[in-house]
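Engineer: Dropping a structure here in structure tokens format, bear with me for questions.
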Amino acid sequence: MTVKLKTMLTKRIIACLDVDGGRVVKGTQFLNLRDAGDPAELAAAHSAAGADEVVLLDITATHEKRGTLLDTVRRTARELFIPFTVGGGIRELQDAAAIFDAGADKVSMNSAAIVNPALITAIAQRFGSQAAIVAIDAKRVNGHFEAFVHGGRKPTGKDAVLWAKEAEERGAGEILLTSMDRDGTGIGFDCELTQAVSAAVNIPVIASGGAGGAQHFVEVFREGQADAALAASIFHFGLSSFSDLKQQLLSANIPMRWPC
Amino acid sequence: MIAIVDYRAGNLASVKKALERVGAQPVVTDDPEVVAQAEKLVLPGVGHFQATSTLGDSGLREAMAQSIQRGVPFLGICVGMQWMLAASEEAPGVAGLGLWPEQCVHFPAGVKSPHVGWNQLEMGNGKSRLLAGVDTGAFVYFTHSYRVPLLDGTVAQTEYGGKFSAAVERDNVFGVQFHPEKSGATGLQLLKNFCQLSF
């Protein structure tokens with residue numbers, strides 16, 4: 001008897017490392033950072049445990065400490081054979097080129113893409129759309145979702161859904177969508193926000209902000225129509241494992257890369 | 001010596017690193033003479049099919065075509081695999097190598113494009129040297145908007161808005177639509193197989 005295999009594109013679980021001065025930290029609603037270790041070590045551990053992808057976000061505020069980023073990227077990329085994205089402080093094409101050269105597969109742009117949307121197109125043309133991610137930090141303001149920049153401190157006046165569409169038109173290959181209202185709370189992703197953006201664009205949407213348990217991932221893949229979901233703190237502090245998480249998602253009929 | 005052919009289309013660091021990981025000492029080159037002397041050739045590719053047109057202008061196309069004819073093992077990755085066909089809808093008028101007469105086509109409307117993420121391989125009935133040790137159901141990482149249809153050389157297929165070629169193989173030529181350098185242990189196995197091929 002032959003077993004009919006049902007194969008399909010799986011939903012991705014992405015481990016996010018927020019890095020400051022070469023060390024992994026994680027904040028609650030962009031505040032109260034805690035040190036959770038060495039990025040290269042954590043990335044390799046997440047990959048071995050079943051992460052589908054790793055994102056490293058450099059949240060270093062000062063220029064002096066920024067110099068350590070390329071070294072961190074190089075060390076992290078060395079032992080990683082799954083997709084690796086780096087974001088934070090990418091202002092021009094040369095910044096992106098240096099990050100790719102250090103071993104990243106994709107870069108994530110945030111503030112710079114809003115200030116200078118031509119940057120999206122420049123990176124997409126030089127390195128391909130698959131390498132150009134636009135990160136959007138969105139917050140509920142007066143009944144709609146507004147895009148914020150500068151670590152969530154500065155409103156842009158841009159509607160997050162319309163901005164996602166524009167980013168796609170300009171060459172973005174994926175949208176990394178963070179709910180600022182949910183980030184660090186552990187009460188679940190903003191499915192309404194995620195669904196609105198996912199329905200508006202034809203490129204993958206990575207949901208971020210608010211993961212606290214497996215059920216939240218089920219919700220954001222079903223109701224939010226996310227293609228991938230990102231989480232940081234729940235993995236760092238041993239609150240859940242990829243194995244547990246992926247097996248629970250498989251039981252809920254969410255296609256997962258597991259075992260891997 | 002394994003040559004990774006550089007035609008200024010994206011980032012080759014990951015492919016080089018993965019080949020080094022499986023014991024090879026690859027050289028990244030845009031020099032047709034180095035390509036002509038290589039014992040094995042890898043043509044990576046991200047981005048647009050249009051970029052492959054520079055292969056013709058630079059003499060790299062001719063060097064690769066002659067090596068392939070001499071039996072040098074050749075591995076095309078992603079757009080590098082697509083270039084092994086005659087053409088692509090993505091860049092009408094840009095000629096591929098024509099190892100198969102078919103052309104690459106866009107994903108049908110109704111599925112998100114690009115196809116990004118981990119999907120599964122379904123092995124064909126024929127034996128694949130490239131995919132030795134890789135079984136049906138193995139997960140690999142894709143990111144592409146155009147795809148190679150099922151061909152007489154298809155050794156593994158994948159489902160996304162219909163079936164397409166995930167891997168092709170004929171004699172000394174091999175192509176994979178996914179990124180072995182980003183596909184964890186499965187990808188490294190495949191690269192190791194390629195490095196160990198002998199003819």
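The values are calculated or read from the model by the stated rules, or taken from the named source; none is laboratory data. A quick note: this is a predicted structure, and the numbers were derived from the prediction, not measured. Here the Cβ is made from the backbone with ideal geometry for all residues, glycine too, and neighbour counts use every protein chain on show. Note: accessible area is taken over every heavy atom of the protein model, side chains too, but ligands, DNA and RNA are not part of it. Shrake-Rupley method; radii C 1.70, N 1.55, O 1.52, S 1.80 Å.
Engineer: Using a 1.4 Å probe on the protein heavy atoms, what percent of the accessible area of chain A belongs to carbon and sulfur?
Structural biologist: Of the solvent-accessible surface of chain A, carbon and sulfur hold 50 percent.
Engineer: Ok, one more. What nm value, rounded to one decimal, do you get for the distance between B:Leu197 and A:Gln215 when each label is placed 7 Å out toward the C-beta?
Structural biologist: Each label point is offset 7 Å from its Cα along the Cβ direction, giving 5.1 nm.
Engineer: Note the full-extension length gain between A:Thr121 and A:Asp101 as 0.36 nm times their separation in residues minus their Cα-Cα distance, in nm to one decimal.
Structural biologist: 5.3 nm
Engineer: So, one more: Any chance you could list the semi-axes, whole Å, largest first, of the equivalent ellipsoid that the Cα gyration tensor gives for the range A:126-191, using √(5λ)?
Structural biologist: So the three semi-axes of the range A:126-191 are 22, 14, 10 Å.
Engineer: Let me ask you something else. Counting GluC sites (Glu not before Pro) as exposed when in a DSSP loop with at most 16 other beta carbons within 10 Å, what is the longest stretch of chain A free of them?
Structural biologist: Excluding the exposed sites themselves, the longest stretch runs over A:93-222.
Engineer: Okay, next question. Averaged over A:97-104, how many beta carbons belonging to a partner chain fall within 10 Å of each residue's beta carbon?
Structural biologist: Mean partner-chain Cβ count within 10 Å for A:97-104: 2.
Engineer: What size of dipole, in debye to the nearest 20, comes out for the range A:12-251 about its Cα centre when the only charges are +1 on Lys and Arg C-beta atoms and -1 on Asp and Glu C-beta atoms?
Structural biologist: 260 debye
Engineer: Take A:Glu192 and B:Glu159, extend 7 Å from each Cα along the Cα→Cβ direction, and tell me the distance between the two endpoints in nm.
Structural biologist: 3.6 nm
Engineer: Just the Cα atoms of the range A:65-224: what Rg and Dmax do they give in Å?
Structural biologist: Taking only Cα atoms of the range A:65-224, I get Rg and Dmax of 15.5, 45 Å.
Engineer: Right, next: Restricting to Cα pairs below 8 Å that are 6+ residues apart, what does the relative contact order work out to for chain A? Please round to a whole percent.
Structural biologist: Relative contact order here is 18 percent.
Engineer: On to the next question. With every protein chain present, what is the per residue accessible area of the range B:2-196 (1.4 Å probe, Å²)?
Structural biologist: 36 Å²
Engineer: Residues of A:40-52, mean number of Cβ from any other protein chain within 10 Å of their own Cβ, rounded to a whole number?
Structural biologist: Partner-chain Cβ atoms within 10 Å, mean over residues of A:40-52: 1.
Engineer: Evaluated at 4 °C with a viscosity of 1.567 mPa s, what Stokes-Einstein diffusion coefficient in µm²/s does the range A:35-129 have when Rh comes from the Kirkwood expression over alpha-carbon pairs?
Structural biologist: 94 µm²/s
Engineer: Still on this structure: Of all DSSP beta bridges in chain A, what percent run antiparallel (nearest 5)?
Structural biologist: 30 percent
Engineer: Here's another thing I want to ask about it. Counting only helical runs of four or more DSSP H residues, what would the 222 nm mean residue ellipticity of chain A come to if each run contributes -39,500 (n - 2.57) and the total is spread over all its residues?
Structural biologist: It comes out at -10000 deg cm²/dmol, rounded to the nearest 500.
Engineer: Output the relative contact order of chain B, whole-number percent, from Cα pairs under 8 angstrom with separation of 6+ residues.
Structural biologist: The value is 20 percent.
Engineer: Counting other Cβ atoms within 10 Å of each Cβ, which trypsin sites (Lys or Arg not before Pro) in the range A:140-221 have at most 15 and sit in a DSSP loop?
Structural biologist: Sparse-neighbourhood loop trypsin sites (Lys or Arg not before Pro): A:Arg153.
Engineer: Given Cβ point charges of +1 (Lys, Arg) and -1 (Asp, Glu) and nothing else, what value in debye, to the nearest 20, does the dipole of the range A:89-186 about its Cα centre take?
Structural biologist: For this selection, approximately 240 debye.
Engineer: At B:Glu89 and B:Arg129, where each label point lies 7 Å from the Cα along Cα→Cβ, what is the point-to-point distance in nanometres?
Structural biologist: Between B:Glu89 and B:Arg129, the label points sit 3.4 nm apart.
Engineer: Can you quote the Å³ per residue value for the convex hull of the Cα atoms in chain B, rounded to an integer?
Structural biologist: 102 Å³
Engineer: Something else now. Given charges of +1 on the Cβ of Lys and Arg and -1 on the Cβ of Asp and Glu, with all other atoms neutral, how large is the dipole of the protein assembly as shown about its Cα centre, in debye to the nearest 20?
Structural biologist: Magnitude of the dipole: close to 520 debye.
Engineer: Here is a follow-up. Would you mind checking the pairs A:Lys246/B:Lys112; A:Lys106/A:Lys165; A:Lys11/A:Lys165; A:Lys11/B:Lys182; A:Lys246/B:Lys16 and listing those with alpha carbons more than 26 angstrom apart?
Structural biologist: A:Lys246/B:Lys16
Engineer: Give me the percent of accessible area attributable to carbon and sulfur for the range B:39-185, probe 1.4 angstrom.
Structural biologist: Answer for the range B:39-185 is 50 percent, counting heavy atoms of protein chains only.
Engineer: While we're here: Test of understanding: express the Cα radius of gyration of the protein assembly as shown as a ratio to 2.2 N^0.38 Å, with N the residue count.
Structural biologist: Rg over 2.2 N^0.38 Å, computed on Cα atoms: 0.94.
Engineer: Go ahead and estimate [θ] at 222 nm for chain B from helices alone: -39,500 (n - 2.57) per DSSP H run with n ≥ 4, summed, over the residue count, rounded to 500.
Structural biologist: Estimated from H runs of four or more residues: -6500 deg cm²/dmol.
Engineer: Can you give the translational diffusion coefficient of the range B:118-199 in µm²/s, computed by Stokes-Einstein from the Kirkwood radius over Cα pairs at 20 °C and 1.002 mPa s?
Structural biologist: 170 µm²/s
Engineer: A further question on this structure: Quick one: if the Förster radius is 30 Å, what FRET efficiency do A:Ala45 and A:Ala252 give, using the C-beta to C-beta distance and rounding to 0.05?
Structural biologist: 0.75
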